[in-house]
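S.K.: Pasting a structure here, questions to come.
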Amino acid sequence: MTFRSGKGDGYHPEIPRLVEALEKRHIGRRDFLRTATLLGMSAGAAYAIAGKVIGGDMIGAAKAQTPKKGGVLRIGARVPATDTPATFSWVYDSNIVRQANDYLTRTKGDGITIPILLESWEPSEDLKTWTLKVKKGVKWSNDEDLVADHIIWNITRWLDPNVGSSVLGLFQGFMLKEIETGEKDEAGNPKKTTELWDANAIEKVDDFTIKLNGQASTLAIPENLFHYPAFILHPKDDGKWGPGAIGTGAFEPVEIEVGKKAVLKARSKYWGEGPFLDEVQFIDLGDDPATKLAALASKQVDGLYDADIKIYPSVQKLEHVELHKINTAQTAVARMHCNEKPFDDARVRKAMRLAIDCEAVSKIAYGELGTPAQHHHVSPVHAEFVDMPMPRDLDAAKKLLADAGYPDGIDVELHAKKDPDWEPTACQAMVQQWAEAGIRVKLTVLPSAQFWDVWTKVPFGFTVWTHRPLGIMVLGLAYRTGVPWNESNFANPKFDELLTKAEGLVDIEKRKEVVKEIEHLMQEEGPIVQPLWRQSYQPFDKKLMGYEAHPTEYYFCEKMWWEA
C-alpha cells in the first residue's frame, strides 16, 4: 500500500517510513503499532494499517460478552503504606491506587500506549515538543472537571527533585538541566540538583491543552506518562492519598490498613465505562508462599499478585484457577555501589559478571519460567534489544581482579530479601559461582520490611526491577546520573549521552545501533550482575472475566466482572 503524510493530515512525518518498514518486513507488527501510536496515531488507525499490510484480524477482538454487575474481587497482595503515590517504588502499592486515580495514558499488555485522561497527543517533527490534549468530560469524584491546571500541577511536582519521584529520571534528558546547589559534598565537589531547562518547559495553552517543550528529542513521552508513580492526583490533596482522596478512577478508597487490607468501593458516578464490580479488596497474606497457596486453594482470595515460582506446580493443579502467562522484562540485579571499594573499579565489576553462569542461575532460581540475562538490563522483549551474550570466564575474572590490585580475591557482603523464595535461591547460586573466582560473598537475607529500609544504602544488594515496555525507559530510571532510582550511584557521562541519543530515535534499527553501544558499556563498566529474566504467571479464578495479563502485573479492575 502507499501511505502519504502531509501537512494538515495529523500524522507525524515518520509514519510513512514506518509503514514502508512494515511492508518490507524490516519491523514487525508489534513494533509498528507501538511506534505509530507513540507518534500520535490512534490505536484504531494503526491496527487498520497493519491489517492492510499484513492481513488478518489485527485487533484480535475477543468474543463479545455482556459484563455482569456486582460482586467483590479479593486479590492476595502486600498492602504497604500508600499515602505518597509520587514516590512509590513498587508495583503492588500502585495497584491499589490505580483503581481510584488514573494516568494520562496507559500502555497495554501488548505494548500499545493509548490515551486515558488525555484525548490525544501530538509530537513535533523533531520530537522536542509534545502537545497533550486533555480529555473533556472527565469528572473528579468531587464532581469537578479535570482541566489542564490539575495536570500541570502533577507534572511540575514529579519533576521537583525535593519530592523524590522516580518520574524525574524519565524526563531528565528531555526537560531538566543540572545546576549547582552552592554546597559541597564530603569530597569537596559541588553538590548538584536539577531544574526545568526553560521557564516555558511546561506550557498551558488553554484549559484542555498542554505543551511540553523539551531540550532533546524523546520518543517515549506517552509511555513515560504511564510510569507507575505518575498518578494524576487532585491538587487539593497536596500529593497525599488514602480514604477520602479525590480521584478520577472507577473506585474510591474506603479502608487502608497497612499490612492487612485495602478496600475500594465502586464510584456511583463514574465518567468512564464500568465499573462492574461492587468492591475490590487487596488482602495482605505476608511472605510465606504456603500461606498464599492455601488462601488461593481455599478461595479466601480470587487471585495472587506476583505468585511465587515455588508454588507454581501446585497452582497448576487447582481446577478453579486459570494461569495467565506472559513474557516480561521482569528481573533482578545484584547491583554494586560504584563509589565504594572494591566496586569503584570497573575491572572488579566486570569480574563479578564474568564469574556468573547466567543460564545455570536462571534454571536453579526460576525453572522453566526463567531465561538467562546478559548483564545490561535490556530484555529480549524490548524492540531495541541486541543479542550480546556474556559467557562465564573464570580465568578472565581472576585476571581482572589481579589487575585491579586483588590477586587473592575479594570479600564482600550481598544483601537480599527472603521473599519471594527465588531471590535468595538465585543469590545462593551466584555466591557459589563467585567463590570459584576468588570472590568470597557473605549472603545476608533479610525480611522484606528490613531490606527495604536499607536497599539503597548497602554497597551490594539484590534488587528486583519490574517490566518496562522499552529498554531505554529502565536504563533512564536506574542508571542515568543522579536520578532518584540510581541505587548503584553509577555516573557515566558516555552512558548518559548515548541514552539521551537513543531516546530520540524513532527508527528502531538506528536505535539498536546506539543501544548496542549502551549494552557493551554496561557489560564493560556497568554496576550490575544480572542473571535472569522472568516470565510472569498470574493465577486468578476462572470465573473472573475481563482480566488482561499485563507484563508489569498491573490491574485494571474497572474492566473486570464475575461470570454469572
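The values are calculated or read from the model by the stated rules, or taken from the named source; none is laboratory data. All figures in this text were calculated on a predicted structure; none of them were measured in a lab. Positions of Cβ are generated from backbone atoms using ideal geometry, with glycine treated the same way; all protein chains shown enter the neighbour counts. All accessible areas refer to the heavy atoms of the entire protein, side chains included, with ligands and DNA or RNA removed. Shrake-Rupley method; radii C 1.70, N 1.55, O 1.52, S 1.80 Å.
S.K.: Please give the per residue accessible area of region 383-436, computed with a probe of 1.4 Å over protein heavy atoms only, in Å². Please report the intermediate quantities before stating the final value.
M.R.: Numbers: 2440 Å² over 54 residues.
The answer is 45 Å² per residue.
S.K.: Whole-Hz ³J(HN,Hα) for each residue in region 329-340, computed from phi via Karplus 6.51 cos²θ - 1.76 cosθ + 1.60 with θ = phi - 60°, x for glycine and proline: what do you get?
M.R.: Working through the residues one at a time gives 9, 6, 7, 8, 10, 8, 9, 10, 6, 6, 9, 10 Hz.
S.K.: Enumerate the lysines that K442 could reach by cross-link, defined here as Cα to Cα under 28 Å, with residues fewer than 8 away along the same chain left out.
M.R.: The reachable lysines, counting only those whose Cα sits under 28 Å from K442, are K310, K341, K350, K363, K398, K399, K417, K418, K457.
S.K.: Could you tell me which of rounded, prolate or oblate describes region 424-564, using a ≥ b ≥ c as the square roots of the eigenvalues of the alpha-carbon gyration tensor, with rounded for a/c under 1.5 and, failing that, prolate when a/b is larger than b/c and oblate otherwise? Intermediate results must be reported in sequence, preceding the final value.
M.R.: Numbers: a/c = 2.11, a/b = 1.21, b/c = 1.74.
Here region 424-564 falls in the oblate category.
S.K.: Ignoring ligands and nucleic acids, what accessible area does M336 show with a 1.4 Å probe (Å², nearest 10)?
M.R.: Approximately 0 Å² of M336 is accessible to the 1.4 Å probe.
S.K.: Here is a further query. Could you tell me the accessible area of V321 in Å² (1.4 Å probe, neighbours in place), rounded to the nearest ten?
M.R.: Approximately 10 Å² of V321 is accessible to the 1.4 Å probe.
S.K.: For region 327-414, what are Rg and Dmax over the alpha carbons, in angstrom?
M.R.: Both quantities, over Cα of region 327-414: 14.4, 42 Å.
S.K.: Taking 19 Å as the cut-off for C-alpha to C-alpha distance, list the pairs among K177/K516; K24/K52; K325/K542 that go past it.
M.R.: On the way: K177/K516 26 Å; K24/K52 13 Å; K325/K542 14 Å.
Distance filter (> 19 Å) returns K177/K516.
S.K.: Can you classify region 75-200 as rounded, prolate or oblate using the Cα gyration tensor, where a ≥ b ≥ c are the square roots of its eigenvalues, rounded means a/c under 1.5, and otherwise it's prolate if a/b beats b/c and oblate if not? Show your work: numbers first, answer last.
M.R.: Numbers: a/c = 1.97, a/b = 1.32, b/c = 1.49.
In terms of gyration-tensor shape, oblate.
S.K.: Can you spot the aspartates and glutamates whose alpha carbon is less than 12 Å from K139's alpha carbon? Ignore those fewer than 8 places along the same chain.
M.R.: Filter leaves D102.
S.K.: Per DSSP H run of at least 4 residues, take -39500 (n - 2.57); add these up for the chain, divide by its residues and hand me the 222 nm value, nearest 500 deg cm²/dmol. Please list the in-between numbers first.
M.R.: Details: 17 runs with 162 residues, N = 564.
Calculated mean residue ellipticity at 222 nm is -8500 deg cm²/dmol.
S.K.: Rounded to whole Å, give me the distance from the Cα center of region 14-46 to that of region 68-119.
M.R.: 27
S.K.: Suppose we keep just the DSSP beta bridges with both residues in the chain; what percent of those would be antiparallel, to 5? The partial results should precede the final answer.
M.R.: Values: 58 of 74 bridges.
Here the share of antiparallel DSSP bridges comes out near 80 percent.
S.K.: Could you tell me how far the Cα centroid of region 210-279 sits from the Cα centroid of region 444-516, in Å?
M.R.: 25
S.K.: Which order do peptides 411-421, 253-263, 36-46 fall in by mean Cβ count within 10 Å, highest first?
M.R.: Working: 411-421: 18.6, 253-263: 16.1, 36-46: 20.2.
Result, highest mean Cβ count within 10 Å first: 36-46, 411-421, 253-263.
S.K.: What are the ³J(HN,Hα) values, in whole Hz, obtained from phi via the Karplus relation 6.51 cos²θ - 1.76 cosθ + 1.60 with θ = phi - 60°, for each residue of region 217-234 in sequence order, with x given for Gly and Pro?
M.R.: In residue order, the calculated couplings are 5, 9, 7, 8, 3, x, 5, 4, 6, 9, 4, 5, x, 8, 5, 8, 9, 6 Hz.
S.K.: Ordered by packing density, taken as the mean number of other Cβ atoms within 10 Å over each peptide's residues, highest first, how do 184-192, 280-288 rank? Kindly include the intermediate steps, with their values, before the conclusion.
M.R.: Values: 184-192: 9.1, 280-288: 18.8.
Peptide ranking by packing, descending: 280-288, 184-192.
S.K.: Another question, then. Taking amide H positions as placed 1.01 Å from N in the peptide plane, with prolines and chain starts having none, which residues 5 or more places from F490, or on another chain, fall under 5 Å of its amide H?
M.R.: The answer is C338.
S.K.: Oh, and also: Which entries of K135/K501; K108/K512; K108/K543 show an alpha-carbon separation above 25 angstrom in the structure shown? It would help to have the intermediate numbers written out before the result.
M.R.: Numbers: K135/K501 31 Å; K108/K512 23 Å; K108/K543 22 Å.
Check vs 25 Å cut-off fails for K135/K501.
S.K.: Please list, short to long, the whole-number percent of alpha-carbon pairs of region 252-344 in consecutive 10 angstrom bins beginning at zero.
M.R.: For region 252-344, the binned pair fractions read 12, 29, 29, 19, 9, 2 percent.
S.K.: Also, quick follow-up: Taking amide H atoms as placed 1.01 Å from N in the peptide plane, list the residues 5 or more away in sequence, or in a different chain, whose amide H sits under 5 Å from that of I326.
M.R.: Residues meeting the criterion, in which the H sits 1.01 Å from N, are S536.
S.K.: Please state the shape class of the chain: rounded when a/c is under 1.5, otherwise prolate if a/b exceeds b/c and oblate if not, all from the C-alpha gyration tensor.
M.R.: Working: a/c = 1.44, a/b = 1.18, b/c = 1.21.
Rounded is the answer for the chain, as its axis ratio a/c remains below 1.5.
S.K.: Students often check this: by mean Cβ neighbours within 10 Å, which of 266-276, 162-172, 293-303 ranks highest, and how do the rest follow? If you can, show how the numbers build up before the last one.
M.R.: Details: 266-276: 16.4, 162-172: 21.8, 293-303: 18.0.
For the peptides 266-276, 162-172, 293-303, the packing ranking is 162-172, 293-303, 266-276.
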